[in-house]
Each structure stands twice: as C-alpha cells, then as structure tokens.
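Peer 1: One structure, as structure tokens, below. Some questions next.
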Amino acid sequence: RPPTLARGPRGRAGSGGSMSQSSAPLAAAVVGGAVALGFGLGWLSSGARAAAQKPSSPPTGWDEPQTPIVADVQEVVEERDEGEDADAEPLPPLRRRRSSFELAVEAHTPRAQQLLAATRPMMEEIPEVREYIPDELRNAIFCGHLAADLDSVAGAIAAAHLFGGRPAVASELNSETEWALKQWGMEAPPRIEDLAEEASRQGTLPLRVCLVDHQQTTQVNNTILSPTTQVVGVIDHHAFQSHTLQTDAPIFVDVRPWGSSCTILAHYYLSVLRLMPPRDVAGMMLCAVVSDTLFLQSPTTTYWDRLITSALCRICDVTDPDKLAEQQFKAKSMNLLTMTPHSLVVGDMKSFVYNTGTFDGSVGVSVIETVDPAAVLERLSELLPEIRAVRKERGFETVFLAVVDIVRLRSSMVVVGASAQSLLAAAFDGLQPDDNGIADLGSRVSRKKDIIPAISAAIAAGWTPPAAEAEVEEDLGFVAMDPAANGLLVRQPSTFGPPINGWRSPRAAEE
C-alpha cells in the first residue's frame, strides 16, 4: 500500500493526516464513475480550484447557485482491465487529486439539471419556437474553417441540425474528429467543394453559407470566397483581427467570448430555444467543447463552457467524463504535429499527493501514447522548458513525461531536473537518463500498473528530494489562445508583459 497522503489547507499537500474537506453528495451526479483515475490537470491552484468548483459570473437574473464543494483528493481503487487475471494480486489503492475537468462537471451539475428541466425533446414543427430561427440561416450550408478541427466540424453539424440546413467541411478531418464521429455514430459531412458542384449541376447557385468557428478570409475555403457563393452568417468565438470577412450587406453574426463555438450552439438549443438536442449531436458538441477548452483548462474557458459541458454529459449519459476525455486525448495525440508543447505536457497529466514525513508534496505524471514516439522526442527542445514551466506554475516537486510506443509496447521517460532524476533512480533500480534527459523504461508502458506503483513505493521507502536546485531565472511566459492559429494554446513570452494577440494571463491581469 502506498504511503499515507494528506491535504493541508487550501488544497495543498499539508502536514495534517486528514482531508480538509469531505465530499458532498449531489442530487444526481454526472460523474458516477468517479472511482476511475481522473484525466487532465489533477493539480489545482486555489484560484483554479475555485473556478472549477464554483460557477463564475452567473448570468444576471439567475440566483447564486448552491454548488457543493467536492473534495478534490480521494482514494482510488483501480479496477482491472477486461481479460486480466482475476486471481492476480490486487492492485494497491492510491490517492490522487481529482482532475479539474471532473470537478468542473460535477460542480455545475445542479445548474445543468435546472437548465435541462426547462427543455423539451426536439420536434419537427414547434411554430412558437421555430420562429426564433433567423431567416438568413434557413436551408444554409454550415461550414467550418480550413485545417478542420473538431469544434468546426461538430459546430457545422449542430448548426445544420438546429437551424435547418446542411453541414460541410473545408478540408480533411483530423484523427480526433474521426474518433468523435465514430464514437457518436455519425457520418462525416461532405466537402464544401462537392456541395458547390452539386448546386451548380442543379442550378441552385449561389451557394448560401454560414461560417462556423471562423471569420478570417485566410481560414475560409476558396469555394466560399468565389462569386457563386454568398456568406449569410457567422457563428464564432474568435477575435476580430486582420483579414476579417467583409460583406456587401448586413449578415447574421453571433460571436461570443466563450471557449468553443459548440458552447454557443448548445446554448441555442438549451437556453434560447429550450430544445433537447439528439444524443449524437449533443455528443459531438460535448467533445468539441472539451477539445477547444483543453478539458476546461484553457484560459478562454468560461462559466458557460463549464455549465454546457455538465449539461451535455447528462444528455449523453456520460457518467465518467474523465474516461471520455482520456479516450479523446489519445485520438487527438495521433496528430502530434498539430499539438502545442503545452497541450502535449498537460493533456494527459495526473497528480498524486504524498505526505510521508520524508516527503510532503505532489508528483505529476503525463503520458503521451503514440505510434510515432520519435516525432515526440524530436520536439524535446520545446518540451523540456514547458515541463519546467508547468512544474513551477503548479507547484509539483517534479513532473515526469512518459512517451509510450503503442506498437512496440515500450516507453521512454523525459526527465527534467535533479529531483526528477533522483526519484527516477529510486523508483526504477538506479535508472538514469541520457544526456538529453531521456530514460528508457523498457516494457513499462502503464502509468497505473508500472509507473505510479514504483514511484509510490520509492517514496514510501523514504525517498527525499535532493537539496533545492538553484533556480535559473527564466521567462516562463503564460498560456493563452492564439487566435491566429485556430485557437491553439501557446505559451506567450512574458507573464507580466503586455498582452500578446489580445490575451493577458490571469496573473498578469491581477498585477
């Protein structure tokens, strides 16, 4: 059994031997499967924990939600995978910090229940409701941007279903979007070029198109920019910058400072039209919000993103949002070249808290599962500073990044700093990283069975961190969404510097 873990005040590992808060019951918990290991950023600062557990800035006119504050450290007894030897030695229980994604979904459940209680099933003809659909969008084609991502594709599908039209895609689909379509049993929308050719044959030009998840001409498919196409609307959540679309006449525009275009469309369903979306459409929107907000951790995440995510989990009968998010991240990581260093480091990170008398702190373990580990390790110069930044920002004693080759079933550990090297050696029989900071873990490919038990055993045996390393002054920067790159999360140069691309970190804003 691993060492006793404790929480001190304000959610940090402390010297006390008990948890600072007990778990409060929910009327109908979305996260009924909370016994599974969490996903995403397990460590939360006091400010981030408050943002996850308490709805921020509820809309004017709403009563302040009575949101239960749930304990964010819990004992987890791992269940064995299907096909494993049932007679094998039981896996040891662990204590881990529940992920902020899981906390946010659970904390917003009461308000989500209220929102869903006011909806009714989607029907073909409800005149008093259908009249609210803008005429400009009826029978339009809804199309996302070039380099199609999940939010643009799911947004096109949802908008076409909601407003009455056809969805389209502007380019090839990525692995995450293909996974989501399969997960929810939907077919991929046709290419916008094919719909334009079809309209030309039928003599129904000009093509009426509503842009979804973009409004800059640099992200618009050339078919839409042709004279035979008329842009009739924009549904987006990005900033207006250079190359913003220009039109000859006013069009329908809905641009909101939320984390995802699908949050806007789900809001139309649930809060504006009071309609319950079908499960497959709701599932696509759920995965899109999760993707664009990086599991509700992006600095662009808002109250509405958290509330809508909780509501969509209920519609889709998702009782374990962490499990869904973990599957989604694995699919997303198939396109490693499209992921930023920050997304790679924190995408599948779990945090474990220890209080043994010799070590009082937390360890973060991130995992990237891929068919091409070389492509990840080639980006080592980007990953190493990001690991240092995440470790310092989130108060970890150390952070490990395991790169798992899912074809050869071997893994490598990226090791940064003296503390990580010391713990690695204690946990894995003196193993040391090479000059590049990479250690060969061999066939140890499972975080829950191979990596965490070894680390926990080493700490229980009395491992202590080495003397504090001399901190090298470096600009950690801050994480922000880059509107010029389809909303990818990037690390900007200065934490306290001026805004870059219109974004400023919360810490800089406080300063």
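The values are calculated or read from the model by the stated rules, or taken from the named source; none is laboratory data. Everything numeric here is computed off the predicted structure, so don't read it as measured data. Here Cβ is always computed from backbone atoms with ideal geometry, including for glycine, and neighbour counts include all displayed protein chains. For the accessible areas, the whole protein counts, side chains as well, though only heavy atoms, and no ligand, DNA or RNA atoms are used. Shrake-Rupley method; radii C 1.70, N 1.55, O 1.52, S 1.80 Å.
Peer 1: Return the total of residues in segment 329-349 being open to solvent by 10 Å² or more (accessible area, probe 1.4 Å) and either more than 14 Å from the chain's Cα centre (by Cα) or closer than 16 Å to Arg97 by Cβ (or both).
Peer 2: Of the residues in segment 329-349, 6 are open to solvent by 10 Å² or more (accessible area, probe 1.4 Å) and either more than 14 Å from the chain's Cα centre (by Cα) or closer than 16 Å to Arg97 by Cβ (or both).
Peer 1: Also: If only one of Pro250, Pro277 is more than 26 Å from Met339 (Cβ to Cβ), of a type outside the set (S, T, N, Q) and touching a helix residue (DSSP H, G or I) at 6+ places or on another chain (Cβ under 6 Å), which one is it?
Peer 2: Values: Pro250 fails: touching a helix residue (DSSP H, G or I) at 6+ places or on another chain (Cβ under 6 Å).
Checking each option against the conditions leaves just Pro277.
Peer 1: All but one of (1) more than 18 Å from Leu115 (Cβ to Cβ); (2) open to solvent by less than 10 Å² (accessible area, probe 1.4 Å); (3) part of a loop (DSSP other than H, G, I, E, B); (4) not basic (Lys, Arg) hold for Gly259; state the number of the condition that does not hold.
Peer 2: (1)
Peer 1: Quick one: would you say Leu245 is surrounded by fewer than 17 Cβ atoms within 10 Å (Cβ to Cβ), out of contact with any Asp or Glu (no Cβ under 9 Å at 6 or more places or on another chain) and farther than 30 Å from Val318 by Cα? Break it down stepwise before answering.
Peer 2: Values: surrounded by fewer than 17 Cβ atoms within 10 Å (Cβ to Cβ): no; out of contact with any Asp or Glu (no Cβ under 9 Å at 6 or more places or on another chain): yes; farther than 30 Å from Val318 by Cα: yes.
So Leu245 does not fit the description; no.
Peer 1: Next question. Among what's in segment 415-437 and is open to solvent by 30 Å² or more (accessible area, probe 1.4 Å) and of a type in the set (A, V, I, L, M), pick the residue that is nearest to Thr356 (Cα to Cα). Write out each step before concluding.
Peer 2: Let us first name the residues in segment 415-437 that are open to solvent by 30 Å² or more (accessible area, probe 1.4 Å), namely 418, 421-422, 426, 429-432, 434-436.
If we keep only those that are of a type in the set (A, V, I, L, M) too, we end up with 418, 426, 431.
Working: Ala418: 20, Ala426: 15, Leu431: 23 Å.
The residue in question is Ala426.
Peer 1: Which of the residues that make up segment 300-330 are under 17 Å from Pro277 (Cα atoms) and of a type in the set (Lys, Arg)?
Peer 2: Arg314
Peer 1: Given Leu270, Leu307, Leu275, Leu312, which one is open to solvent by less than 10 Å² (accessible area, probe 1.4 Å), of a type in the set (A, V, I, L, M, F, W, C) and touching a Phe, Trp or Tyr at 6+ places or on another chain (Cβ under 6 Å)? Walk me through it before giving the result.
Peer 2: Working: Leu270 fails: touching a Phe, Trp or Tyr at 6+ places or on another chain (Cβ under 6 Å); Leu307 fails: touching a Phe, Trp or Tyr at 6+ places or on another chain (Cβ under 6 Å); Leu312 fails: touching a Phe, Trp or Tyr at 6+ places or on another chain (Cβ under 6 Å).
Sole residue among the options that is open to solvent by less than 10 Å² (accessible area, probe 1.4 Å), of a type in the set (A, V, I, L, M, F, W, C) and touching a Phe, Trp or Tyr at 6+ places or on another chain (Cβ under 6 Å): Leu275.
Peer 1: Being open to solvent by 10 Å² or more (accessible area, probe 1.4 Å) and closer than 30 Å to Gly462 by Cβ: is that true of Gly357 here? Don't jump to the end; show me each part of the working.
Peer 2: Values: open to solvent by 10 Å² or more (accessible area, probe 1.4 Å): yes; closer than 30 Å to Gly462 by Cβ: yes.
Yes, satisfied.
Peer 1: Name the single residue that is farthest from Val407 (Cα to Cα) among those in segment 441-470 being open to solvent by less than 30 Å² (accessible area, probe 1.4 Å) and more than 26 Å from the chain's Cα centre (by Cα).
Peer 2: Trp463
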